[in-house]
Structures are given as C-alpha cells and as structure tokens.
1. Go through (1) within 16 Å of Arg445 (Cβ to Cβ); (2) open to solvent by 40 Å² or more (accessible area, probe 1.4 Å) one by one and return the number of the condition Lys406 breaks.
2. Just checking, how many residues over segment 47-86 are part of a loop (DSSP other than H, G, I, E, B) and either touching a His at 6+ places or on another chain (Cβ under 6 Å) or surrounded by 15 or more Cβ atoms within 10 Å (Cβ to Cβ) (or both)?
3. Which members of segment 673-698 meet the condition of being assigned to a helix (DSSP H, G or I) and within 21 Å of Arg628 (Cβ to Cβ)?
4. Confirm whether Glu672 is over 18 Å from Leu546 (Cα atoms), open to solvent by 30 Å² or more (accessible area, probe 1.4 Å) and touching a helix residue (DSSP H, G or I) at 6+ places or on another chain (Cβ under 9 Å).
5. Provide a single number: the residues in segment 320-342 that are buried (at least 16 other Cβ atoms within 10 Å of the Cβ) and within 17 Å of Gln299 (Cβ to Cβ).
6. Looking only at residues in segment 517-555 that are without any contact (Cβ under 8 Å) to a residue 24 or more places away in the chain and touching a Lys or Arg at 6+ places or on another chain (Cβ under 8 Å), which one is least open to solvent (accessible area, probe 1.4 Å)?
7. Say we look at segment 305-319 and pick out the residues that are among the polar types (S, T, N, Q) and free of Cβ contacts under 8 Å to residues at least 40 places away in the same chain; which of these is farthest from Phe335 (Cα to Cα)?
8. Evaluate segment 498-508: report whether one residue or more is touching a residue at least 12 places away in the same chain (Cβ under 8 Å), in a helix (DSSP H, G or I), in contact with a Phe, Trp or Tyr (Cβ under 9 Å, 6 or more places away or on another chain) and not hydroxyl-bearing (Ser, Thr, Tyr).
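The values are calculated or read from the model by the stated rules, or taken from the named source; none is laboratory data. None of the values given here were measured: they were computed from a predicted structure. Counting neighbours? That spans all protein chains shown, and the Cβs are built from the backbone with ideal geometry, glycine included. Areas reflect the complete protein model, heavy atoms only, side chains present, ligands, DNA and RNA absent. Shrake-Rupley method; radii C 1.70, N 1.55, O 1.52, S 1.80 Å.
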Amino acid sequence: EFALAAHGSHVVLLPPDLTDDYLTLVMAEALLEECLLENLDLLRSLTPLLDKTQPKLCRAKSLLNAVLSRGCLMPRYLNEALLLMAKVHYVQGRYWDAQGMCARVGLEELTKEDQPTYHLRLLAEAFAIKGLSLDHQTVSAVSRVRLSEREEESMSCFLRACDAALSYMQELDKTVMTPHSKTGKSTLPPVDMELGYFLQAALQSAYLCLLKLAEVLLSSVSEDSYWPPLGPPPSAWLHREGAAASKDAIYPTVKPPHRYSSDSCFCPQDVVEEAVLVLLITESMAVISRLPDQAEARQASLRDATSVYDLLTIGMARRGQYAMISECLERAMKFSFNEFHLWHQLGLSLMAAGKGVGAVSVFKECTRLRPEDPSLPLLAVKICINQLHWLEEALTLSQRVASMGKEAGEFLPRAYLSVGLCYSLKASEASLRADRNEFNKKSLRALSKAQSLDPQDAQIAMYLALQLALVRQVSAAMEPLQIALSLRGDDVHSLHLLTLLLSAQKHPQPALETLNLALSQHPSNFNLLFTKVKLEEALFGPAAALQTCEEMLQEWQSRYDVTEKSEVIPGARKPSIHLTLPDFQDASTSMFPSSVAASRLEAALSEVSDMSSTRRQGPTYIWTTLERIWLQAGELFMADGRLKEAQFCIAEASCLFPNSHSVLLQRGRLAELRGHLEEAKGLYDEALAIHPTGESILVHMVSDSDNTMLLGPPSAPPS
C-alpha cells in the first residue's frame, strides 16, 4: 500500500519500496518546516534560530546530517537533502555554509521535464536562499571592490527565484483547477497549502527586481535605445550593439513562467512609461508591517517603499504628472506616521499640482515634525499668497519664522519679506484710508528690515522699491531699485518697475528705451508689451501703438497653438500669419489718415476671431491675455476715433468673457462716445456690480461734467 506523507507545502505519496534514508529525509523536512512556520517573526527580523531553543530544528539537523553522511540517497533526493540543509544553515545565520549547500544542488536534475511540480518549488527556494545569503553577508574593506558583482549576482538569483516560484504556482494552479487521473483511482482533493517562508521570499523578490529595474530605466536607459517590452529591438540598435540575448539564454536552467495574453493590456511605449508602470506594480506589492515587535523589519520595508515613491516622483515629474504623484503619496500616508520625508514629498507634489489647501495642511504637519526648520512654514506662506490669497494665514506663518530670530538663519530675511508682502496686499484691499496707511507703514518697516538683514538679495530690494512706489515715494524707490538691478541686471520685474518709475517722473522717452532693453531680453513678456503700448500711445499716438498690438497678437498665436478641436497647447510653435481685418472707414471721406499698422492689426484680429467663437480649452490665463489684447486694441481705436473698429475688438473680447467687468467698461465707454448715455450708465452699473472696487469704472462715471447726466439728478430731500 501507499503511505501518505505531508511535509512542507506539498503532499507526497510514498511507494512501498522507500528506504529508511528517504523516510528520515521526510521526517527531517516535516520537523524543519514546522519550526519555520512557528518562528516566522524571528525569520523576518533576521534573528538566528538556536539549537538550544529550537528542539525541532536541532532534531531536523541531526537527521539530515545522518542521511548525508551515509550517502545512499538517489540524486533527486540528495538535492532535497542539500536544500534542507541550506535552509538550516540560513536560519541559523551561517550564510556562507548556506551558499555552499546551494552550490551543491543539481539544478539540471530539478529542471527536467518529467520532474514533479514541487521540484519547481525547491528550485525557487534554492535561488532565494542563495540570493538572501549574498545580501546578508558582511563586506570587508578588502572585498568592497566586489560589491557591485555581488549585487548583480544576488539580483540574478532573485530573478531566477521569482520565475521558478511563478512557474510553480502556475503548475499548482493547473493541478487544482484541472484534476486528472492516470490510474483508475480518483485524485486527491484540493488541499489549501500555506506558502513557506522561502517560497514567499522567492515571490517577494520580484519587488526588489522591479525596484532595481526602475532605477536602471530612469538612470541608465536612453530614450533612443528603448523598445517596448513585447516588441523586438530596433534594427539600428541591433546593428550597433549586436544581437540581444534572449531570456532563455540568460536563465538557461529555469523554466520560464507562462506569459498570459496581453490583449487589451497597457504596454509602455517609452522608458518613462515602463519605469512608472514597474513602480506602480512595485507599490502594490509593498507590505509594511505595523507590529511593534517588528520595528527593524518595518524600517527596512519602509526604506524600500520610500525608494519606490522617490523613483515614482522622478518618473512622473518628467511628464508633469504632479496630480498622480500626490495621489500615490496620499496612499502612502497609511503607513507614514511621523515619516517626514514622505510628508514633505506629498506637500511638494500638492503644491506643484495646484492643490493649495491640501499642501498648506501638509506643510503644517511637516512643521510639527520639524519645528526647527524655517523653510517649511515659508513654503506654506508661498502657497497662501500665490494660490489661495490667505493673507492672514500667511502673515501668521511668516511672523512665526521671524520670531525665531537668528535660529532661522538665511530664511530670516525671507520671513520679513513675506511679512512685508502680506501687509502690502492687505493695504491694497483696505477700504479705509487709515487702515491702508497703517498697512503700508508696516509693509515698509518689514521690507526695510529684510533688506538690512540681506542687502545682497535682489528680490528684496525690488519689492522694497515697489512698495515705495505704491506709496508715491517715487524718488526714494529709485535707490533700492538700482541696488536690485546692480545685483541682477536682467530681472524682468526690476526692469519693468524702472520703466514705470521713469514714466511716473515724466520721462517717457527714457522709459521707452528701458522697456525696449527689457524686451530685448524678454521678447515674449506680455506685461512689457502692454506697457510699451501705453508709452507709444503717449509719445507717438494711438496709430503707432497699434503696431505693437499686432505683434502681441502674432506672439499669442505663435505661442499657443489652437488645433482643429480648439485645444490650446502652450509652447507649441507655428509660423505667424498676416491677418487683415476689413477697414470699415471710407478712405475718401476719412478725417484720419489710414494706418498700415492699424490695418495689419485688423488682419490679426480677424484671423484669431475664429478661435473665440469655439469652445475654449487650456489655462484661463491664455484667454484672459487675449481678452486684454483685444480691449487694448479697442481702446486705441477709440482714441483714434475709429469706433466701428473699436466695436469689433470689444465684441471679440466679449465672445471670450461676456460678463467681464473690463468688457462692460469698454462697452460703456464706446456707448458714451456715441452719445448713448443711458446705455453707458447701465453698462457702468453692471461693471461696478461685478467689480465694486473698480476705480477706473468710477472715474469714467464722474470724470467730466457731461457724465453728471449718467449719475442722474440728485434725489429730493425728505419732506
């Protein structure tokens, strides 16, 4: 009769002619596997198992020594005995001996076609033990030069272990899902098998392999030498590098696992896509232990997980996928309690993705983890000012850094700069003059303090000059502005501010020359171009300024490519096109000479007008810039007395933003010039309702005596 023996993670039917040595081998394996299952926590924490505390291990080792010393086992059983002894050496911390036993295992015997399925498990365990033993060996100063070779050998073992483990699981799945019988007897019922420690290690070694693959893809693989995983290498690469070795040639002794159909599956097309895909798979395999008695194992697995997220950040940042980075890091928060690096990465990714509210909350948590780091609250201040306009929150955080004094180090001047900016912005929003004056004074004090702390900071000097200019101290603003330009002569904001200060001092020609110098360094800056229009109008009249408007339209078109689907792609270039708007005036009766610049501007407007009637896509600032260009052109046409052309420009701007207070203001001005005072008053009222603090709207409502009619008669006093 057959005897049934269950040992390890498989079931074996023992024929009646088995020798005592094989029975002893089976007993040794059963004892060893029981010991390993009982001490998984110690194995994961790399704590050696001792004979005096592990009687089952001691008994298994003595049985294996007895069997191997007799030397009567058949080759296939000898391999099992050697592998079991390799396990004993490994769990007792003798990694050199474990490697020696693995080297004696006959891999050819384990990979024959007619071998039982569990031989694939033995093969996976053999490679896993060898790879783990290589990893845990100490490296002496003399052998440190061989560290890279050892790492490569270890990775090769893990790759083979993973392949063999996958093949074993696939074959086991076939056996369970497709029972068959070569004899008249029925097959055994499916048995729930628990994976042993080393088989789990073999499967989990894919985690390290994928992590290493991602590092290689992101650091060493060129875009030109990449080809998709399921495709052949390009002929040019083969001609240059020679034929690529197949997987079977790299791993000749391992049966490759079955590759499933890739229909309807995502296949990466470049090196970054493959790296990100590999890392996302690796992320899903990450297992972080939370048990208090596994602190060392938790730290090791946490380091690996952190490496995954760092590589994901590198790969996704190359594609600008900051929102996806933040989503991945948010998943990491479940095991990142008090882990500063992951919190900091999450805050930076949220900041880059434009998720300001979440970013501020995360940076506050980072500040709690590292209260001595002044850069963290200043990052939150930057978001509060630039994205959220949370001035009170920004002021509180900035003052907290300023209160650190010398402990803030190089960040102390930046803290006072932030305080000054917050007060300046609060002053611009204050409705009472007393509050506005008080905020301006505090802003000047903070900015002056910042400059005294760091007189070599060009940005601080520029903001101090700007604040002085805002409080009408134009002459005093020139001194810090000159310091800013001496430190950074190509700064666009400093050059722009110098232009405005010269203009405010009634020096339009030097202002225009300065502006042209700034444009020579920043030719695509729309803010500079809008200022140039104003200066040219003051110096040469509106007809000459229309030439700059035409250049602005062509620059807008060349920078933002609008496809047939009306999709705006910033940065895409295409040749500028001359656009001609029909000239509505009769040349024979015109009171004003025709302008070549005006006709060319009209051309540009007519070409771009097709875009405004379709659905807008892309960032809002693209279209607000186009709106400003059209409104500026309309203002110049009104100044030139060409109301039909002005109406066309305002209509095009209205197609973009029909409820814009700027559009309503321009429509009111046009109605006022045509004598339609009631219509103008209604438009001004609408604009004021949308933008109650709009000074330009109020100015146009009461600018001259004629406009008193727009305000209506004074109300009668109460009786």
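1. Looking at each condition in turn, Lys406 falls short on (1).
2. Initial filter on segment 47-86 (part of a loop (DSSP other than H, G, I, E, B)): 47-54, 71-74.
Still in the running and either touching a His at 6+ places or on another chain (Cβ under 6 Å) or surrounded by 15 or more Cβ atoms within 10 Å (Cβ to Cβ) (or both): 49, 54, 73.
So the count comes out to 3.
3. The first filter runs over segment 673-698 and keeps only residues assigned to a helix (DSSP H, G or I), leaving 673, 677-690, 695-698.
Hits for segment 673-698 are Leu673, Leu683, Tyr684, Glu686, Ala687, Leu688, Ile690, Glu695, Ser696, Ile697, Leu698.
4. Numbers: over 18 Å from Leu546 (Cα atoms): yes; open to solvent by 30 Å² or more (accessible area, probe 1.4 Å): yes; touching a helix residue (DSSP H, G or I) at 6+ places or on another chain (Cβ under 9 Å): yes.
Yes, satisfied.
5. 5
6. For segment 517-555, the residue satisfying everything is Thr548.
7. Quick first cut of segment 305-319, residues among the polar types (S, T, N, Q) only: 306-307, 313.
Of the ones still in play, those that are also free of Cβ contacts under 8 Å to residues at least 40 places away in the same chain are 306, 313.
Numbers: Thr306: 11, Thr313: 18 Å.
Across segment 305-319, the extreme among qualifying residues is Thr313.
8. From segment 498-508, those touching a residue at least 12 places away in the same chain (Cβ under 8 Å) are 498-505, 508; that's our starting set.
Filter once more, so that each one left must be in a helix (DSSP H, G or I): 498-504, 508.
So of that shortlist, the ones also in contact with a Phe, Trp or Tyr (Cβ under 9 Å, 6 or more places away or on another chain) come out as none.
No: zero hits.
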